[in-house]
Structures are given as structure tokens and as C-alpha cells.
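Presented below is the structure to which this report refers.
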Amino acid sequence: MAEEALSAGRSAPRSVAPRSARRRSREFALQGLYQWQLAGAGVNEIKQHLATVKGFDRADEAYFSALLSGVIEYAAGLEVALQPHLDRKFVELSPIERAILLIAAFELSNLPEVPYPVVINEAVELAKSYGGTDGHKYVNGVLDKLAVLARPGEVRAR
């Protein structure tokens, strides 16, 4: 399944810090978006499946649901917002990078209560744990540029 594919070849994510409920929510949203992209699974099917996966009970279920549903609902617009900051077409990114960038773009656009550095850091941590070797650097660069447009006042204030 998707969770096995995401962690193929790894016994545990590289992150050493304890994972918060929100970080777990992002990890499960990443798994769900992976299923959505590769298998065409629907939101309800994904939610039902992931609810049975070990560790789901330690995630913030409401946050997971908001991320998964929101990203899928607004995916087309999020892709348009991300595209100017990419060095290739969005569809040419790995499914993991696409999902991570979509999650972060959704948070930057729709969840202003989460500070933009937190959004970027969480995306980078996901990319370090589940993405390609230097994928986290790419994710960081793209999101730094997107944050300036999505949250100009917050970025200027820092």
C-alpha cells in the first residue's frame, strides 16, 4: 500500500524529534495524497483506509481531514500557484514532492494560523523523511518563493 511505498527501504523516518499530532497528520495526508495520485482513490476511501493504519490514532484527525480534503479540492489552483516557482512542469515532479508541495501550498493559502516558517519546516522534514536525496532543498526553495506571494505581510514582518 501507499504507506509501505513511502517508507520503502527505510526502517523509520530520518527525523529524530518526537512527532507531534500535526506532523503525524501531515504524514498521513502525504500517504493519502500518494494514493490519490497513483491509484485515483477518493477522499472517503483514503480516510477509511488510513484510519486503520498503525499510529493514526496519534494524529490530529481533524487536521489530517482538512489537509487531505482541502488539497484534493483545491489541487488545480494550488498547482497553478506553485508552477511559477518550479524548474519543470508540476507533473514531472515525483509524486512525493508533488504531495508535499500541495500540502504546504494549501497550508500557506488556507491556514494563516500556522506560521509560514512552520509550514516550510514541516514540508522540509517530510521531504527529508520520504523524498529523494536532495528533495528537501528543492521543496524549501519553492516554498520560500511561494511564501513571499502567499503571505507577504508575514514574510516582511520577519
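The values are calculated or read from the model by the stated rules, or taken from the named source; none is laboratory data. Quick caveat: nothing in here was measured; it's all calculated off a predicted structure. Positions of Cβ are backbone-derived with ideal geometry, glycine not excepted, and every protein chain shown enters the neighbour counts.
Quick notes on this structure:
- The residues listed here are ALA59, ALA76, ALA51; of these, the one that is small (Gly, Ala, Ser) and surrounded by 16 or more Cβ atoms within 10 Å (Cβ to Cβ) is ALA59.
Listed here are the residues, each with its yes/no results for (1) more than 19 Å from ARG22 (Cα to Cα); (2) out of contact with any Cys (no Cβ under 9 Å at 6 or more places or on another chain); (3) surrounded by fewer than 20 Cβ atoms within 10 Å (Cβ to Cβ); (4) of a type in the set (Gly, Ala, Ser).
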{"site": "ARG88", "(1), (2), (3), (4)": "yes, yes, yes, no"}
{"site": "SER94", "(1), (2), (3), (4)": "yes, yes, yes, yes"}
{"site": "LEU102", "(1), (2), (3), (4)": "no, yes, no, no"}
{"site": "PHE106", "(1), (2), (3), (4)": "no, yes, no, no"}
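One line per residue, one yes/no per condition, for (1) closer than 15 Å to GLU125 by Cα; (2) in contact with a strand residue (DSSP E or B) (Cβ under 7 Å, 6 or more places away or on another chain); (3) surrounded by fewer than 23 Cβ atoms within 10 Å (Cβ to Cβ); (4) modelled with pLDDT of 95 or more:
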residue: GLU3; (1), (2), (3), (4): no, no, yes, no
residue: SER7; (1), (2), (3), (4): yes, no, yes, no
residue: ARG26; (1), (2), (3), (4): yes, no, no, yes
residue: LEU30; (1), (2), (3), (4): yes, no, no, yes
residue: LEU33; (1), (2), (3), (4): no, no, no, yes
